[in-house]
Amino acid sequence: MTPDQYCQDKAAKSGSSFYYSFMFLPPEQRQAIVALYAFCREVDDVVDECSDPTLAQTKLAWWRLEIDNLFKDVPTHPVTQALQTAIQGYNLPQEHFLEIIDGMEMDLSQFSYPSFKDLSLYCYRVASVVGLMAAEIFGFKERQTLKYAHNLGMAFQLTNILRDVAEDSQRGRIYLPLDELERFGVSSDDILNFNNSDNVKQLMAFQAQRCHEYYDKAFALLPETDRYSQRTGIIMAAIYQATLREIERDGLNVLRERVSLTPIRKLWIAWRTARAEKKRFKRLPK
């Protein structure tokens, strides 16, 4: 198995919404974004699959060294070997890879966040930084597109947090800001014990509204001239926003079940969005 095949297999097995958006990219960009995504999955799996925090810390320390190897052009892991082409072709700073690891490392010691400001740092590291690198791979002319990518990454991560409240609570983690729980009269135990009260639903509605605001903010910042080159992110957003709407249609019962779209629906949304963006691009004045 080649490094690229390893990354492709890693991305495909994840079942992530991101994978469906990658299908519409040219081969060179697809290779780069799949390799980047595989890296994110590898370090995320360290935290999710290691029950021993010390062992997880050791593995993340190994990944830090491996990123150093990558930028010294001597990578040893299939993912970093695949990333060699990406860092040669695109502006993907070493610091960004290390920031992603920093974000994953936060999960080993921090199981809740006092405020949204504290949570924002986590979201920036594990999602917005990935968005910034993805924007570099997709290509842009206007620097403002990076602000779009930052906010879109925030929107994705906040949607994940809302969708995965129950799953995260089973691991003893609460990503919803604690001061917001208090504002809505919800205790940590309500979340950890799946107490789906009216107060909890109001709290979740507040979180959902914040997600919508970040999507709106992101797209308000995306210059029309860069929209087609960034269409992969737009496809991702369409899938994520459909998931968010399903959560709302389901009555925000995120403590009872995890809402997910079927693969065929994700593929349909991806195809429909890609087609719409192509038509929009053709209408631009030349």
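To the nearest 500 deg cm²/dmol, what mean residue ellipticity at 222 nm is calculated for the chain from DSSP H runs of n ≥ 4 alone, each contributing -39,500 (n - 2.57), summed and divided by the residues?
Here the helix-only value at 222 nm equals -23500 deg cm²/dmol.
For segment 130-145, in order, what is each residue's ³J(HN,Hα) by Karplus, 6.51 cos²θ - 1.76 cosθ + 1.60 with θ = phi - 60°, in whole Hz (x at glycine and Pro)?
Residue by residue, segment 130-145 yields 5, x, 5, 5, 4, 4, 5, 5, 6, x, 7, 10, 9, 4, 4, 4 Hz.
Quick check on packing: order 225-234, 163-172 by the mean number of other C-beta atoms within 10 Å, highest mean leading.
225-234, 163-172
Given an 8 Å cut-off on Cα distances and at least 6 residues of separation, report the relative contact order of the chain as a percent.
Answer for the chain is 19 percent.
Of the options 209, 104, 61, report the single residue whose Cα projects farthest towards the positive end of the charge dipole of the chain (beta-carbon charges: Lys, Arg +1; Asp, Glu -1).
209
Once phi is turned into ³J(HN,Hα) by the Karplus curve 6.51 cos²θ - 1.76 cosθ + 1.60 with θ = phi - 60°, what whole-Hz value does each residue of segment 155-160 show in order, with x for glycine and proline?
Residue by residue, segment 155-160 yields 4, 4, 5, 5, 5, 4 Hz.
Residue 144 versus residue 189, label points 7 Å from Cα toward the beta carbon: distance in nm?
Going from the residue 144 label point to the residue 189 one covers 5.1 nm.
Over what distance in Å are the Cα centres of segment 170-231 and segment 90-124 separated?
17 Å
Tell me, what HN-Hα J-couplings in whole Hz come from the Karplus equation 6.51 cos²θ - 1.76 cosθ + 1.60 at θ = phi - 60° for each residue of segment 177-187, using x for Gly and Pro?
Residue by residue, segment 177-187 yields x, 5, 5, 7, 4, 4, 4, 9, x, 10, 9 Hz.
I need to check one value: relative contact order of segment 34-118, counting alpha carbon pairs closer than 8 Å and at least 6 residues apart, in percent.
Contact order relative to length: 36 percent.
Any read-out appearing in this document is the output of simple, stated calculations on the displayed coordinates, not a laboratory observation. Keep in mind the model is a prediction, meaning the values are calculated, not measured. Glycine also receives a Cβ, built like all others from the backbone with ideal geometry; neighbour counts cover every protein chain displayed.
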